[in-house]
Structures are given as C-alpha cells and as structure tokens.
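The values are calculated or read from the model by the stated rules, or taken from the named source; none is laboratory data. None of these values were measured; they are calculated from a predicted model. Neighbour counts run over all protein chains shown; Cβ positions are idealised from the backbone, glycine included. Please note that ligands, DNA and RNA were not included when accessible areas were found on the heavy atoms of the full protein model with its side chains. Shrake-Rupley method; radii C 1.70, N 1.55, O 1.52, S 1.80 Å.
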Amino acid sequence: MDEVIQVTQWLSSITPRKKAKLFFFTTHADAPSPMVGSNDVDTHEETQLPLATTVALHNFQNIDEFLKKKVNTFSCYNVIENEITKTDYEYLRFYSACKYLDVVPPFLDLEKISAIQNKFEMTDEERDYRLLLDSADLVLEKVCDSLKPAGVSQMWTALRKDRNLIRGVKTIDIIGFFVDPNPTGIKECLFFFIVRFLQKADKINRVNTNRLERLIAQCDESSSCEDGKTIDSIIDSLRFYPTELYPFGFCLIMCVIEGRDGAMQEIEKTMEISRHLGMITHTEKNPTKETIELVKKELMKPKYQFYSSFTCWFMSHGDGNSMVLADGETIEREWFLTSFPDISTFQLKPKVFFMVSCRGANKFSLKGDEFEGQSATCDYYDIGSALIRNRMLDITDSVRDISYVQPMMDTLVAYSTILDHLSGRANTHGSIYVDRACVLMSENISRGRSLTEILEQLSQDLHEILQETMDEDRIVYKQACHYDSFFRKTLKLPYTRHPKEDVHSAPQ
C-alpha cells in the first residue's frame, strides 16, 4: 500500500483527544542538549502554532500535518552508528507516546527503534517504552483530564489578564480572548498550549509549577472539575515529583564487603526493595575511587536523561568526615555528596542518598539518669493567616527566576547515624539501618506515603532498638538517624511495578 495512504488511514483512526496528546508528548519541552543535529533556534512555530490554530479554527489540520511530517522524517531516516542525534531522541519519544496512547503506526520501523536504543546503550530493562515517556508530561496529562472544558477556559482567561507575560506573543492573539473548548480535543489543545507557553517563557518546568498552580486556583470549582476532583486535589497532584509509570528511577548500590560482616545481606536487601519499588538497579561491590569516577562518567550518558529519579546506597566503614573504600583509601563524604547531584542527566529530578557508615565512635549509652527526660511546655498563639499575609513581602513575578538552580537542590541525603556516632550492625544481617529502611519501604508501597514520612518513621523505629557493642565492654546503646533535605516537592513511593507487567491502560 502507498505510504501516503497508510499515513492518512493511520491519522483517521486516531481520536482528536489522542491527537492532541500525541502532539504534546512528541513536542517534549526538555529535549536533551547538546545533541548532534540540534540547535538553539526557537521551536515556537513547531510547538505552539499548531495548537493555537487548532483551538482557533476547531480544525486539526495543522496537527495532522505535523504528525505526517514526523512520520515521513522517521521513514527516511538512516540510523548513524555511534552518534546520537536529535532525530534519535525524537524517534524514541514518538514511539513511546504512540505505544502509551495505543496508536502505534503499523508501518513504523521497529528495527530502527532497536538500532537507536543500541546507540543509547540501553539494556533489556531499559528498552521498556515506559522509560522513554516523560513523567512530568504524564502528570500534566492527568491534570488536563481532571479539568472540564470550562476549567481550561477559565485558566485561559486568567492567563490573558497577565499583560506583561503575553505582550507581543502572536499565538496568543491567534487564539483570541474568548474560546469554545467544548468540541472534542480542543480542551486538550488549549491546556497543552498554556503549558508549553509557560515552559517556553521560563515560568514553569518539571519542578517549578507555581505559575500553573495559580492559574488553576483561579478556576471555579463547581464548573471546572471533573467528577471526583477538586481544585485542591488537582493542585496537590502538581506538588509531587513526577515519577509516573515504570521505572521509578535508577538505583546505584555501592557496598564495601571487605571487613564488614553481613555486607552481602545489605546488597540483597537494597536490591530487593529497589526492584520492588520499580527501579532499574546497578550494583558496585567493593568500590574504589576509580570505580566512583567511572560510575559518574557512566551516569552522564544520554540514556540517563530518561530516568525520573536517582537513588544511591553507599555502605562502608567511616568516620566523621570520610568513608573507607575497598582498597583502604578514604574519600570525603562531602565530596561524594556534592559531585553526584551536579550530573546534568538528573537535574530537576529527585536524588536520594542513603549514607550507611559510622560517623565517629561515640555512643548514646543507656545507664542511670540518662533514661530520665525533662518535659517542657510551650505557649501557642492563634494568629490568623490573613494577618500574617498582610505583614509579609509582596513577591512579584519580576523578581522570580527558575532558570538557575543550585546543584544540591532536589537532593535528599539520609544518614544512618548522627555526626561523631556509631552506625550499628549485626554480624549476619549487616546494617540495622538498612534492614529497617528496606522493611518500612516495602510495607508502605501502595499506601501513598512519601519518602520523608517513611524516613521519619524509620527514625522512630531505629531509635527504639537496643543495640550492643561487639567489644568486651558490651555497651548497650541507641542509634539515631536523620536526613538533610533540599527537596522542592514531595517524593511519593510508587505502587509496585514490575518490568514484565503490562500496566498500560490506553488513555482516551
């Protein structure tokens, strides 16, 4: 059959809603950079004009033409070995979006997709189409599905009132002030236009969504929300780190085995909970400084930009400032923690470090009067929130910026013990902290708990356990863990996801 006819038949089989979503996923806002064949030319025409004209004319012709162009480009594309191009990235995004929406063209060359995945050095686990979808876009899709056409129309009206933001933008004028979002697919096109416009204007990204939340907050709940949804619930969905679908993220496990009884148990437990959470895992036994440098270099490869989060378990002996490696050398804990968050592939994504080692030799020994605590009372003052707000600074958009981000932002570091203190372990089972952390994470999957809630529960659980030193003094002591958080959103544990399960349910 002629290819033109095939493409036409394929497009005619896709509903308007799915066309809007396919366009949205395919024009992903955060394509990796730098890449061969890419440039800094503004893609405004490509990403916003088709949406604007579709909303204005109630006609999907421009989106159809865009999708035809994509298909034709991929049909003529020759995969070049060893060189990752912009088209490679776009091909994978297009394929994953089609697969997610259940609209894969029957004529799409799957051998080319496999060849591109080879260039990205993807393992069998990483060839799951769900890895290639952008979690932030999936969250935004759900927000769109939660709003009625009237709600998106109200967002548009609120956006149009911001003169400084929309001044001189031609696509805004193409759509006009009053919009009828009721025809099938038009609501989606208008919502996705608003999102891409705010992204291009550097007002929102995968972490900073305040500007979008403020537009939603101006909607009238009675007319703007789908059944079972509220304005608050929709806004709340934007306040979590986007980690939709499989995999939940990439997990790196580094464990020094030499001289650490139970170390293999630590590896088994952390690998098991990582798989249970739906992470793709890599383990390094007996790491050295050279190993760490090689791992950092590996994580800078383009394929890691597809991951939604990064988790690292580092288990070894240590003291107040450093950790002992397999060859007896030491590394500064601070150096380790500051070098990984700066890796570009995981910017604007949650990064969690579990640092399991002693940080000194002190012990919180249990004897005599130390069991006795003192109680204190506090005075509470009832101050109305309106009164507080009236006395606070008025922070305008003109003094806000989301373009520059401190490297440690979106990072959480969990320590198995406090500074200058021991981190307890059992001869056969390894670190007690690792054991309890894995148990609590396993128990709380599917309960909607956040990572920080579990870490707080871990802190309580661990501090209840009486431990005993293994030397001749046999001192009974307690261990206290803690964490430092630079998170800007909440990281929720996912529902159990297994690579071989088909969790896909095609959107409408």
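Would you kindly find the accessible area of residue 58, with a 1.4 Å probe and non-protein molecules such as ligands, DNA and RNA excluded, rounding to the nearest 10 Å²?
Here the residue's solvent-accessible area equals roughly 80 Å².
Computed on alpha carbon atoms, what radius of gyration and Dmax characterise the stretch 38-157, expressed in Å?
16.6, 49
Rounded, prolate or oblate: which fits the stretch 156-236, taking a ≥ b ≥ c as square roots of the Cα gyration tensor eigenvalues, rounded meaning a/c under 1.5, else prolate when a/b beats b/c?
Taking the square roots of the gyration eigenvalues as a ≥ b ≥ c, the stretch 156-236 is oblate.
Could you compute the FRET efficiency for residue 298 and residue 240, with r as their C-beta to C-beta distance and R0 at 30 Å, rounded to 0.05?
The value I calculate is 0.60.
Can you check what the net charge comes to around residue 8, using other residues whose Cβ is under 15 Å from the Cβ of residue 8 (Lys, Arg +1; Asp, Glu -1)?
Values: positive: 19, 68, 69, 70; negative: 2, 3, 64, 65.
Surrounding charge for residue 8 is 0.
Pull out a ≥ b ≥ c, the square roots of the eigenvalues of the alpha-carbon gyration tensor of the stretch 258-358, then state rounded if a/c is under 1.5, prolate if not and a/b is larger than b/c, and oblate in the remaining case.
Values: a/c = 1.88, a/b = 1.29, b/c = 1.46.
Oblate shape, in that a/c is at least 1.5 and b/c is the bigger or equal ratio.
Just to check I understand the Karplus step: with θ = phi - 60° and J = 6.51 cos²θ - 1.76 cosθ + 1.60, what whole-Hz values come out for the stretch 120-131, glycine and proline as x?
Values per residue, Gly and Pro as x: 7, 6, 7, 6, 4, 4, 7, 8, 5, 4, 5, 4 Hz.
May I ask you to give the average projected area over all directions of the convex hull of the Cα atoms of the stretch 165-286, in nm² rounded to one decimal? Before the final figure, lay out the partial values.
Numbers: hull surface 47.0 nm².
One quarter of the hull surface, i.e. the mean projection, equals 11.8 nm².
For residue 291, what accessible surface area do you get with a 1.4 Å probe? Give it in Å², rounded to 10.
The accessible area of residue 291 comes to roughly 30 Å².
Please list, in chain and number order, the residues 5+ apart from residue 283 or on another chain whose amide H is under 5 Å from its amide H, with Hs placed from the backbone.
So residue 283 has HN proximity to 253.
Counting alpha carbon pairs within less than 8 Å and at least 6 residues apart, what relative contact order, in whole percent, applies to the chain?
For the chain, the relative contact order is 15 percent.
Which of the three applies to the stretch 200-243, rounded, prolate or oblate, going by the alpha-carbon gyration tensor with a ≥ b ≥ c and a/c under 1.5 meaning rounded?
Since a/c reaches 1.5 but b/c is at least a/b, the shape of the stretch 200-243 is classed as oblate.
Heavy atoms only, probe 1.4 angstrom, no DNA, RNA or ligands counted: give me 122, 409 ranked by accessible area, highest first.
Largest accessible area first, the residues go 409, 122.
If amide hydrogens are placed 1.01 Å from N in the peptide plane, which non-local residues have theirs closer than 5 Å to the one on residue 354?
Residues meeting the amide H criterion: 312, 313, 314, 414.
Strictly over 25 Å apart at the Cα level, which of 21/119; 285/489; 69/297; 70/203; 18/229; 200/229 would you flag in this model?
As for pairs spanning more than 25 Å Cα to Cα, those are 21/119; 285/489; 69/297; 70/203; 200/229.
Given a 1.4 Å probe and every protein chain left where it sits, what share in percent of the accessible area of the chain is carbon and sulfur?
Here carbon and sulfur together make up 48 percent of the probe-accessible area.
If amide H atoms are built 1.01 Å from N in the plane of the peptide, which residues on other chains or at least 5 residues away come under 5 Å of the amide H of residue 318?
Result for residue 318 returns 324, 358.
Using label points projected 7 Å from each Cα along Cα→Cβ, tell me how many nm separate residue 327 and residue 173, to one decimal.
Once both label points are built, they end up 6.5 nm from each other.
Among 323, 279, 89, flag the residue with its Cα farthest along the positive direction of the charge dipole of the chain, charges on Cβ as +1 for Lys/Arg and -1 for Asp/Glu.
89
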